[in-house]
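Chemist: One structure is given below, represented as structure tokens, and several questions about it will come after.
Readers should treat all values here as calculations from the given coordinates under stated rules, not as data from a laboratory. Just so you know, these numbers come straight off a predicted model, no measurement behind them. Cβ placement follows ideal geometry from the backbone for every residue including glycine, while neighbour counts extend to all protein chains displayed.
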Amino acid sequence: MAERLVRHALQAERAPLNQLQVKSAGISADHGYKASANSVAALKKVGIDLNDHQTTHLTESLLQEADYIFGMTQGHLDSMSYVLRDSTDNRFHLMRGFLGAENDLEIPDPFGRGFSDYEFTRDSMVEAIPSLIEFLKSQYSYSK
């Protein structure tokens, strides 16, 4: 869901943000599976099609080629740092990490839960996207 939501938001931005490549990969995901029915339905409710999505397993090469890496939880970031054997990599951020400390900074994994949990996760991501885009604007040459 995060990949499609961020892609959708970046389409409304100017270059270079609207040209960024956004990829998602799961720490525990196998490769090549379709998105869950609840993920598809949660995004369909906000007008985004996820039917053609296929899961990708996180690899060291995916991490190495990324400019920035956004995780849902601190546990995700720790696992990714372990894969790269670098806990000081400044490319790692929580997706909700730019909202401010007064907010819950982790996004729950709805896997195996009900549809309302998928909606909550989607909404947690949507809430984070404006601050994530502001961060990206500060990192890339962006003409207003």
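Chemist: Mind listing just one residue for me: the one in the range 97-132 that is in a helix (DSSP H, G or I) and among the β-branched types (V, I, T) and, of those, surrounded by the most Cβ atoms within 10 Å (Cβ to Cβ)? Explain how you work it out, then say what you get.
Modeler: First, pick out the residues of the range 97-132 that are in a helix (DSSP H, G or I): 115-132.
If we keep only those that are among the β-branched types (V, I, T) as well, we get 121, 126, 129.
Details: T121: 22, V126: 15, I129: 18.
Here the residue is T121.
Chemist: Still on this structure: Considering (1) under 23 Å from E106 (Cβ atoms); (2) touching a residue at least 12 places away in the same chain (Cβ under 8 Å), say which one Q54 fails and leave the rest.
Modeler: Condition (1) is where Q54 drops out.
Chemist: Another one. Regarding Y140, is this residue without any contact (Cβ under 8 Å) to a residue 12 or more places away in the chain, of a type outside the set (D, E), closer than 16 Å to I69 by Cβ and surrounded by 11 or more Cβ atoms within 10 Å (Cβ to Cβ)?
Modeler: In short, no.
Per-residue answers, yes or no, for (1) outside any helix (DSSP H, G or I); (2) touching a Gly at 6+ places or on another chain (Cβ under 9 Å):
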| residue | (1), (2) |
| --- | --- |
| S24 | yes, no |
| S28 | yes, no |
| H31 | yes, no |
| N38 | no, yes |
| L43 | no, no |
| V46 | yes, no |
| D49 | yes, no |
| D52 | yes, no |
| L63 | no, no |
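Chemist: Just name the residue that is surrounded by the most Cβ atoms within 10 Å (Cβ to Cβ) out of those in the range 12-55 that are within 22 Å of Q139 (Cα to Cα) and hydrophobic (A, V, I, L, M, F, W, C).
Modeler: Taking the candidates together, the pick is L17.
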